[in-house]
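Take a look at the structure below.
Any read-out appearing in this document is the output of simple, stated calculations on the displayed coordinates, not a laboratory observation. Keep in mind the model is a prediction, meaning the values are calculated, not measured. Here the Cβ positions follow ideal geometry from the backbone for every residue, glycine too, while neighbour counts run over all protein chains shown.
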Amino acid sequence: MLQKPDATPAAEASAASRIPYPEFVAMVAFLMALNAMAIDIILPALQQMGSDLGVADENTRQLPLTAYIAFFGLSQLFYGTISDRYGRRPVLLVGLAVYVVGSFGAALSSSFEMLLIMRAVQGIGAGATRVIAVSVIRDTFGGRRMASVMSLAMMVFMAIPILAPIVGQGILMVAGWRSIILFIGAFGAAMAAWCYLRLPETLHEENRRPLQLRPILEAFRIVLTNRVAAGYAIGTGLTFGCLFGFLNSAQQIYQEQYGLGALFPLAFSAGAVFLSGAAFANSRIVERFGMRLISHSALVGIAAVSAFLYAFSVVDGGHVPFWVFFVSVVFIFIFFAFIGTNFNALAMDPLGHVAGTASSVIGSLQTVLGGLVGAIIGAAYDGSIAPLSLGFLILSLSSFAIVAMTEPRRLFGRNDPRGPGTPR
């Protein structure tokens, strides 16, 4: 595991028990990126998938995203509890195996229904990557230091959303949509090999919880009755709804409404570049200004930009100039980078003694809630910007209201925990 600077010679003697800090951040980032890869790389191919498999309605062609996200969220409920008993490594490796099977199964699908089933299987496997990635960070760090590590990991993993649509478009032009999903499966297999060879077990023996119904229900109770954890989990889920709503609608907006065609991945990736840069900035400033001040201010920023975009769309009959929409989305992405990791860290910080279950419950709640409202926003697409911008506005205001009720006296506060900041 990660070592303290004053680690004992006995601990230093085992090379298998150590992993360098940069490799640790990179590994966690790429585990998270498996999920982004499975979503973003297929965006350019949604229309071709639907056409090849006999789906005429363009909004229905969004369902491969919805099926993946829904089961990705639901599966997280189980991984954390199991990993609190058996450890992080074995659960992660099983999840990666399921992810790879689902990927290859999706690539071989002969019907749209089979594609949705295999995308669901892929999502079930990916649930382990999210839960275990957050759990190993929480096993090792706390407080603002944990938020900093999460931000660094997010900065690295955001290279995937930047590159994935471009890679997907390139593969699509040469070999078709099935080869895109085969590429996803190969990426998952490579991650499985890396984790098998290099990832140490981060769950200490004394923190293992028995796999019995009563302790499991007790752990769930601890998570769901913790005001801070539950409040920030719901707030994050509502904010994720903005992101998922955009993902569901992005291909239609960029390619159909604005006529970008094959340039769609470039426009999408440009927004992700700003998100990645903001995530890096958060990792540099969060230990100085605190998670609450940064994330609460960013949430207000999303609401303000969304209100502007919706007002513009109403005045212009639902249609806004491309540059107005693009700049607005860039600012929303930037603000989102200052919310996701900080809200997650705030939700996880009081739950270190049940980190695995906490990660699974919180992750599942965030993803299922975000995926549900995101799917509603995507299905409401009517050829204009109005449904998306209104969805952004409603979700950001709702998230802020939840946070305000959770911590009314600590809004925009700077006195959140700093954490030990020392690797174990």
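The angle between the Cα long axis of helix 112-140 and the longest principal axis of the Cα atoms of the chain comes to about 40 degrees, rounded to the nearest 10. Between residue 381 and any residue 5 or more places off or on another chain, the built amide H atoms are never under 5 Å apart. Computed from Cα atoms, the angle from the helix 291-315 axis to the main principal axis of the chain rounds to 10 degrees. Where q = 0.14, 0.15, 0.24 Å⁻¹, what log10 of I(q)/I(0) comes from the Debye formula for the stretch 299-403, counting one point per Cα? Log10 of I(q)/I(0), two decimals: -0.62, -0.69, -1.34. Kirkwood's formula applied to the C-alpha pairs of the stretch 182-309 gives a hydrodynamic radius of 19.4 angstrom. Each other residue within a Cβ distance under 12 Å of residue 379 adds +1 if Lys or Arg and -1 if Asp or Glu, for a net charge of -2. Only DSSP H runs of four or more residues enter the estimate; each adds -39500 (n - 2.57), and after division by the residues of the chain the mean residue ellipticity at 222 nm equals -26000 deg cm²/dmol.
The angle between the Cα long axis of helix 213-224 and the longest principal axis of the Cα atoms of the chain comes to about 60 degrees, rounded to the nearest 10. If you add up the charges near residue 233, with Lys and Arg at +1 and Asp and Glu at -1, over every other residue whose beta carbon is less than 15 angstrom from its beta carbon, what do you get? With Lys, Arg at +1 and Asp, Glu at -1, the neighbours total +2. Label sites at residue 211 and residue 315, each approximated as a point 7 angstrom past Cα along Cα to Cβ, lie 6.0 nm apart. When the alpha carbon gyration tensor of the stretch 249-317 is reduced to an equivalent ellipsoid, the three semi-axes, largest first, read 29, 19, 6 Å. Among the listed values (1) 19; (2) 42; (3) 28, the one matching percent of Cα pairs over 37 Å apart as calculated from this structure is (1).
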